[in-house]
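Peer 1: Below is one structure. I have some questions about it.
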Amino acid sequence: MPDPYTPSAPVRSHYAGDPDMAGLIDQFLQRLPEQVETLERLWREQRFDDLRATARQVGRDSAGFGFAPLGDAADRLQESLWSLSHGMNLGHEPGSAGSDIDRLRAQFQELIDLCRRAVA
Amino acid sequence: MPSRGCVTRERIHGHFDTGNEPVPSSETKPTVLLIDDSPMVHRLLAARLQHEHLDLVAALTGTEGVESAKSRRPSAILLDLDMPGTDGFAVLRQLKADPATATIPVVVLSDARDSDAKVTAFDLGAADYVSASLDLPGDVAELRARLRAVLRHERLLRLLAERAELDGLTGLGNRAQFDRRLAQVLAENQRYGHAVSLALLDADEFKSINDTFGHPAGDEVLVGLARLIQATCRATDVPCRYGGEEFALLMPNTAPDDAMVVCERVREAMAALVWPRHPDRFVTISVGVAGVPGASALTGTQLVEFADEALYQAKRAGRNRVTRATMEQPAARPG
């Protein structure tokens, strides 16, 4: 199975083939593009509190439907947004606001990218 | 010898079973209320819990969840602590503060990794704490197992509560059940104007049964009377053992005239019974009936006093009869 962290590799649910999940994974994937649009809009508008809430929802849904890499990426983004909102540094260069934003951007892009690669 | 009327005397064959089976609880599926803001989580858990013996009900907000809990009285609640814009702890606090929902076990779902959140949840009354992620197959199996454990525990507590309101000898409701149901029925009477009647039924000269034939014989009489009352009354009526040899029959939606008919049936049937331990000694009952045909400001205490006064009048008039209260303030009884 392709490593989901390899760029452009599809990200599949580890519940594919689970009869309990028949149809539900498709429903999740149908909804995912809309959630990606929302994430991107909130990022552009710099509404980070709402972005964190949406990332949380994407993360929970992803994890529950077997897309662990998406769930993990959403968790990382959430934690960073929470830390920033509480005035804490994110990165390894203390006091460097630019690095914090770069790190946040990278995490955001990672989540968006994984969402776009999710397949049934 | 008191009159028994023209009825066939029936010999009761066999031994009276004085064992007490509890009123069986409902065997319907337990309802579990899921309070979570994510429609996909609702669908996910509906799929994951579809093989469990339960009905899953959805609420998408804390407010909706609290209202649903009050109206549906689910057997358990799954509560997402991390709903955006909602303090999950506040929802938990609200559920535990309301008597209508306080005893419903709440399993909290949260991604918080710190133990502080768990401690807070448990201190607020949560029954269990489960990861909200459900990203691993083991997470789902764990949620299922924890939910089954919570539902088992809830069922045992419910059975205990039911048993706590049962009279051990007769299997009827006990005084605690009577008091609770009386308050409910009178509240409905005042709100909706339904008729309500209460009968107090007392075995005549019961002490002499015990003294002459022994306490087992007395117990059989009480059990026999209890069964008679149960067999005669309707499903909506509330028969209870009120005291030693005294029974109460609370009849919601029943006017006093109709209550008199029910009680007369019981009286007649009781007088016709033949008792194996003392076939030549019949046992009669005196009954006092009080009630109102519509909405009333009557308190429970007043209704009981009226019925009690009517029972007293029945005894004074010669026993083995049903007397209806005049519903005027009862006179003080001589000591």
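The values are calculated or read from the model by the stated rules, or taken from the named source; none is laboratory data. Worth saying up front: this structure is predicted, and the values here are computed from it rather than measured. Cβ sites come from the backbone with ideal geometry, for glycine too, and all protein chains shown count toward neighbours. For accessibility, only protein heavy atoms count, side chains too; no ligands or nucleic acids. Shrake-Rupley method; radii C 1.70, N 1.55, O 1.52, S 1.80 Å.
Peer 1: Yes or no: segment B:259-266 includes at least one residue that is touching a residue at least 60 places away in the same chain (Cβ under 8 Å), farther than 24 Å from residue B:218 by Cβ, open to solvent by 30 Å² or more (accessible area, probe 1.4 Å) and in contact with a Ser or Thr (Cβ under 9 Å, 6 or more places away or on another chain).
Peer 2: Checked segment B:259-266: at least one residue is touching a residue at least 60 places away in the same chain (Cβ under 8 Å), farther than 24 Å from residue B:218 by Cβ, open to solvent by 30 Å² or more (accessible area, probe 1.4 Å) and in contact with a Ser or Thr (Cβ under 9 Å, 6 or more places away or on another chain).
Here's the yes/no breakdown for (1) over 22 Å from the mean Cα position of the chain (by Cα); (2) of a type in the set (S, T, N, Q); (3) in a loop (DSSP other than H, G, I, E, B); (4) under 23 Å from residue B:167 (Cβ atoms):
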position	(1), (2), (3), (4)
B:243	no, no, yes, yes
B:257	yes, no, no, no
B:262	no, no, no, yes
B:267	yes, no, no, yes
B:294	yes, no, yes, no
B:297	yes, no, yes, no
B:303	no, no, no, yes
B:320	yes, yes, yes, no
B:327	yes, no, yes, no
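Peer 1: Another question, then. Could you please find all residues in segment B:97-111 being within 14 Å of chain A (Cβ to nearest Cβ) and open to solvent by 30 Å² or more (accessible area, probe 1.4 Å)? Step through it out loud before you land on a result.
Peer 2: Start the filter on segment B:97-111 by keeping residues that are within 14 Å of chain A (Cβ to nearest Cβ), which leaves B:109-111.
Correct list: B:111 only.
Peer 1: Condition first: in contact (Cβ under 8 Å) with a residue 40 or more places away in the chain, of a type outside the set (Ser, Thr, Tyr) and within 30 Å of residue A:55 (Cα to Cα). Can you find one or more residues in segment B:158-170 that meet it?
Peer 2: No, the conditions are met nowhere in segment B:158-170.
Each row is one residue, and each column tells you yes or no for (1) surrounded by fewer than 18 Cβ atoms within 10 Å (Cβ to Cβ); (2) over 31 Å from the mean Cα position of the chain (by Cα); (3) among the small types (Gly, Ala, Ser).
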| site | (1), (2), (3) |
| --- | --- |
| B:115 | yes, yes, yes |
| B:119 | yes, yes, no |
| B:122 | yes, no, no |
| B:132 | no, yes, yes |
| B:138 | yes, yes, yes |
| B:142 | yes, yes, no |
| B:155 | yes, no, no |
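Peer 1: Scan B:234, B:241, B:227 and give me the residue that is in contact with a Leu (Cβ under 8 Å, 6 or more places away or on another chain) and over 19 Å from residue B:306 (Cβ atoms).
Peer 2: B:241
Peer 1: What number of residues in segment B:59-88 are charged (D, E, K, R) and either within 16 Å of residue B:126 (Cβ to Cβ) or in contact with a Ser or Thr (Cβ under 7 Å, 6 or more places away or on another chain) (or both)? Before the answer, list the steps.
Peer 2: Initial filter on segment B:59-88 (charged (D, E, K, R)): B:64, B:67, B:70, B:72-73, B:80, B:82, B:87.
Pick out the ones that are also either within 16 Å of residue B:126 (Cβ to Cβ) or in contact with a Ser or Thr (Cβ under 7 Å, 6 or more places away or on another chain) (or both) and you get B:70, B:72, B:80, B:82, B:87.
Adding up the residues that qualify gives 5.
Peer 1: In this structure, does residue B:81 turn out to be under 28 Å from residue A:70 (Cβ atoms), free of Cβ contacts under 8 Å to residues at least 60 places away in the same chain and open to solvent by 50 Å² or more (accessible area, probe 1.4 Å)?
Peer 2: So residue B:81 does not fit the description; no.
Peer 1: Residues to consider are B:94, B:50; find the one that is modelled with pLDDT of 50 or more, within 14 Å of another protein chain (Cβ to nearest Cβ), out of contact with any Lys or Arg (no Cβ under 6 Å at 6 or more places or on another chain) and open to solvent by 80 Å² or more (accessible area, probe 1.4 Å).
Peer 2: So the residue among B:94, B:50 that is modelled with pLDDT of 50 or more, within 14 Å of another protein chain (Cβ to nearest Cβ), out of contact with any Lys or Arg (no Cβ under 6 Å at 6 or more places or on another chain) and open to solvent by 80 Å² or more (accessible area, probe 1.4 Å) is B:50.
Yes/no matrix, rows are residues, columns are (1) open to solvent by less than 60 Å² (accessible area, probe 1.4 Å); (2) out of contact with any helix residue (DSSP H, G or I) (no Cβ under 9 Å at 6 or more places or on another chain):
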{"site": "B:180", "(1), (2)": "no, yes"}
{"site": "B:188", "(1), (2)": "no, yes"}
{"site": "B:194", "(1), (2)": "no, no"}
{"site": "B:197", "(1), (2)": "yes, no"}
{"site": "B:202", "(1), (2)": "yes, no"}
{"site": "B:206", "(1), (2)": "yes, no"}
{"site": "B:217", "(1), (2)": "yes, no"}
{"site": "B:221", "(1), (2)": "yes, no"}
{"site": "B:233", "(1), (2)": "yes, no"}
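Peer 1: Identify all residues within segment A:1-40 that are at pLDDT 90 or above, open to solvent by 30 Å² or more (accessible area, probe 1.4 Å) and within 19 Å of residue A:109 (Cβ to Cβ); write none if there are none.
Peer 2: A:10, A:33, A:34, A:37, A:38, A:40
Peer 1: Which pairs have Cβ atoms under 7 Å, sit 6 or more apart or on different chains, and link a residue in segment A:3-26 that is over 26 Å from residue B:39 (Cα atoms) to one that is at pLDDT below 85?
Peer 2: Pairs that qualify, where the first residue is over 26 Å from residue B:39 (Cα atoms) and the partner is at pLDDT below 85, are A:9/A:2; A:9/A:3.
Residue by residue, here is whether (1) closer than 18 Å to residue B:54 by Cβ; (2) away from every other protein chain (no Cβ under 14 Å); (3) assigned to a strand (DSSP E or B) holds:
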{"site": "B:141", "(1), (2), (3)": "yes, no, no"}
{"site": "B:153", "(1), (2), (3)": "yes, yes, no"}
{"site": "B:161", "(1), (2), (3)": "no, yes, no"}
{"site": "B:178", "(1), (2), (3)": "no, yes, no"}
{"site": "B:181", "(1), (2), (3)": "no, yes, no"}
{"site": "B:190", "(1), (2), (3)": "no, yes, no"}
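Peer 1: In segment B:235-252, what count of residues is obtained for those that are surrounded by 16 or more Cβ atoms within 10 Å (Cβ to Cβ), small (Gly, Ala, Ser) and farther than 16 Å from residue B:290 by Cα?
Peer 2: Residues of segment B:235-252 surrounded by 16 or more Cβ atoms within 10 Å (Cβ to Cβ): B:237-242, B:245-252.
Still in the running and small (Gly, Ala, Ser): B:248.
With farther than 16 Å from residue B:290 by Cα added as a condition, the list becomes none.
Count: 0.
Peer 1: Out of A:9, A:16, I need the residue that is assigned to a loop (DSSP other than H, G, I, E, B), out of contact with any Lys or Arg (no Cβ under 8 Å at 6 or more places or on another chain) and not hydroxyl-bearing (Ser, Thr, Tyr). Which one?
Peer 2: Working: A:9 fails: out of contact with any Lys or Arg (no Cβ under 8 Å at 6 or more places or on another chain).
Only one candidate passes the filter, namely A:16.
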